[in-house]
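Engineer: Got a structure here, written out as structure tokens. Questions coming.
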């Protein structure tokens, strides 16, 4: 089975965002970056499918030159090769443009399965995988918690996946391949790159290409801001009975939680 995994490089979660002067994006030169966590689970699921069924895992990413860092990390974890659609403008583009750039690089690869994380940790649109499926003409399923792919000779071209719904419900879906699946975090236990894997990654191929179409955003970020701290700690004086009565009144009238 030939599997593609779309990964994104995002700012680390413990980094405090600093905005540009026009307040339309973050100061990328001040940020530290890591692999998007949901995409890491998608990569792990692809590697497990390869170990069970054989084949190839190709990691794909769209963004500036710094994206090569997470591609090398994915190769060190066990991916076979990488595709990098390189353009500085892709760092802040909307899901439609990113999906189009990825589809342009992937269209001639004849993938059986494409995995993405459910959403990115920075913008969180959860749309790139869905739009990618439509662009490639593949079937798709979202919020996937389990993937059952047939072994060789047991009815090719079918996948059975478990989707997470609201309220603790789940849904089993059968769909034909080629397919795109967006993977939920926690589907598996992540592996770490070994020293052997890190050394091997240095010899693996990263194929870099330019976007097949102009990088023209369909959406524009008008303004970004850091939420202001508006709540302050309030101390309630008096006897325990008086304090309890005052607390209930605050919860009922001000917070409206009872």
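The values are calculated or read from the model by the stated rules, or taken from the named source; none is laboratory data. Since the structure is predicted, the reported quantities are computational estimates derived from the model, not experimental observations. Cβ placement follows ideal geometry from the backbone for every residue including glycine, while neighbour counts extend to all protein chains displayed.
Engineer: On the basis of being within 18 Å of the chain's Cα centre (by Cα), over 21 Å from residue 85 (Cβ atoms) and in the same structural domain as residue 98 (by TED's automatic domain parsing), does residue 30 make the cut? Let's see the steps before the verdict.
Structural biologist: Details: within 18 Å of the chain's Cα centre (by Cα): no; over 21 Å from residue 85 (Cβ atoms): yes; in the same structural domain as residue 98 (by TED's automatic domain parsing): yes.
Criteria not met by residue 30.
Engineer: Moving on to the next point. Which residues, counting only those in the stretch 128-155, are at pLDDT 95 or above and part of a loop (DSSP other than H, G, I, E, B)?
Structural biologist: 137, 138
Engineer: Then there is this: Just for the stretch 54-80: of the residues that are in a helix (DSSP H, G or I) and without any contact (Cβ under 8 Å) to a residue 60 or more places away in the chain, which one is farthest from the chain's Cα centre (by Cα)? Please lay out each step first, then the result.
Structural biologist: Within the stretch 54-80, the first condition is being in a helix (DSSP H, G or I), and the residues that meet it are 65-77.
If we keep only those that are without any contact (Cβ under 8 Å) to a residue 60 or more places away in the chain too, we end up with 65-67.
Working: 65: 19, 66: 17, 67: 14 Å.
Out of the qualifying residues, it is 65.
Engineer: Can I ask one more? Could you give me the residue pairs with C-beta distances under 9 Å whose first residue belongs to the stretch 212-235 and is part of a loop (DSSP other than H, G, I, E, B), whose second residue is exposed (fewer than 10 other Cβ atoms within 10 Å of the Cβ) wherever it lies, and which are 6+ apart or on separate chains?
Structural biologist: 223/22; 226/16
Engineer: Can you confirm whether the stretch 81-102 contains a residue that is part of a loop (DSSP other than H, G, I, E, B), farther than 18 Å from residue 43 by Cβ and either free of Cβ contacts under 8 Å to residues at least 12 places away in the same chain or more than 17 Å from the chain's Cα centre (by Cα) (or both)?
Structural biologist: yes
Engineer: Now for a separate question. So the check is Cβ under 9 Å with 6+ separation or different chains; which pairs have a first residue in the stretch 236-247 that's surrounded by 10 or more Cβ atoms within 10 Å (Cβ to Cβ) and a second one that's in a helix (DSSP H, G or I)?
Structural biologist: 236/242; 236/243; 236/244; 236/246; 236/247; 236/250; 238/245; 238/246
Engineer: If I ask for residues that are under 22 Å from residue 77 (Cα atoms), surrounded by fewer than 21 Cβ atoms within 10 Å (Cβ to Cβ) and without any contact (Cβ under 8 Å) to a residue 60 or more places away in the chain, which ones from the stretch 9-53 would you list?
Structural biologist: 12, 32, 33, 34, 50, 51
Engineer: Moving on to the next point. Out of curiosity, is residue 107 without any contact (Cβ under 8 Å) to a residue 60 or more places away in the chain, surrounded by fewer than 21 Cβ atoms within 10 Å (Cβ to Cβ) and in contact with a strand residue (DSSP E or B) (Cβ under 7 Å, 6 or more places away or on another chain)? I'd like the intermediate steps shown before the answer.
Structural biologist: Numbers: without any contact (Cβ under 8 Å) to a residue 60 or more places away in the chain: yes; surrounded by fewer than 21 Cβ atoms within 10 Å (Cβ to Cβ): yes; in contact with a strand residue (DSSP E or B) (Cβ under 7 Å, 6 or more places away or on another chain): no.
In short, no.
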